[in-house]
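Read through the structure below, which is laid out as structure tokens, and then see the notes.
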Amino acid sequence: MEDLKIIKEIKKGNIEVYSQIVVKYKKVVFNHSYSFLRSREDAEDAAQETFVNAYKNIKKFRGDSKFSTWLYRITVNVCKNKLKQIQRLRAPLVEEIYHGAEDDEDAGSMINKIKDNEDKNPEVILLNTELKDIIKKSVNELPTEQKTAIILRDVDGLDYNEMAKVLNLSVSAVKSKLFRAREQLRTKLKKYKIF
């Protein structure tokens, strides 16, 4: 069943079909949550909370965007809230560095180049691991909004229009936010003579 048909059924009171939504999107929601939270347990909690929130608010879905985009927005909001909770309770988390878009000259594409050029030499592997750790730490230090922009673009591969829908911003605002995030990341990485 297509998403819109399932949603119509749910709105009519046929709640059993919601399990089809969960089955279809559980991996995507979990993976996105994990890219934010870096803990399997926290990602599982966030995914569950996402599906509960989506179910509670399904009547508000108007169909202006794809259902997956609407669900993605809920996931982002749940992860942001969970990340705030985690940061209050634990030491700062380290984000897994992303596989950057090929058209963007940023830390993500740099990691891809490192990965592509990695050989079996233990010294090279150690240096590359250290470099990745530095970049992960620098991404983690970004403000949540900037980190979100980088994750959406460079981890999840969303285009600017999709990002705008998820973040509820204009495309130009998304580009500006992403630009500022990358500039701040470059500034942080300059002390390591990476850029």
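The numbers here are math on the coordinates, done by the rules we state, and not lab data. Just so you know, these numbers come straight off a predicted model, no measurement behind them. Note that we place each Cβ from the backbone using ideal geometry, even for glycine, and neighbour counts take in every protein chain shown.
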Within straight cross-link reach of K24, meaning Cα distance under 25 Å, which lysines are found once same-chain residues fewer than 8 apart are removed?
-> K5, K8, K11, K12, K56, K59, K60, K66, K80, K82, K165
How high is the relative contact order of the range 3-89, in percent, with contacts defined as C-alpha pairs under 8 Å that are six or more residues apart?
-> 30
Say R0 is 45 Å: what FRET efficiency, to the nearest 0.05, do V17 and A173 get from their beta-carbon distance?
-> 0.80
One finds, for Q85 and N53 with R0 = 22 angstrom and r their Cβ-Cβ distance, a FRET efficiency to the nearest 0.05 of 0.90
Ordering 55-66, 167-178 by per-residue average of other C-beta atoms within 10 angstrom, highest first, gives 167-178, 55-66
